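The values are calculated or read from the model by the stated rules, or taken from the named source; none is laboratory data. Keep in mind the model is a prediction, meaning the values are calculated, not measured. Please note: Cβ atoms are built from the backbone with ideal geometry, for glycine as well, and neighbour counts cover all protein chains shown.
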Amino acid sequence: NQLINDKSKTFLESKSWIQTIPKEESSKFIYYSSDDYGFLIKLYKKRFMHIELDSFLKNETNKINKFIQINQRVFNEEIYLFDHPYFGVILSINEI
């Protein structure tokens, strides 16, 4: 809540979903785009769980303006901040 209430930051949106975490060869990207930003995200298991994340901000002409690309091993019930000088992505993965 502190992050959402921080007036120096602009909170864009929160997304959540339920999915299985497949093996790398059968995993597919999930794509989301709005007027201001978008992302592609893929979660998969090799020996451990991994994430591939491409996230971007758009400018007034709807072109990609700022971009981050992450490929990282992740753990269940951990919180991750992937940051760029102009924006950040907070990710939490929880097994149910």
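In the range 22-81, the residue that is surrounded by the most Cβ atoms within 10 Å (Cβ to Cβ) out of those that are of a type in the set (S, T, N, Q) and either on the phi > 0 side of the Ramachandran plot or assigned to a loop (DSSP other than H, G, I, E, B) (or both) is SER27.
Applying a threshold of 7 Å to beta carbon distances and a minimum spacing of six or more residues, or different chains, the list of pairs starting in the range 69-93 at a residue that is within 12 Å of LEU43 (Cα to Cα) and ending at one that is at pLDDT below 90 and charged (D, E, K, R) reads ASN76/GLU95.
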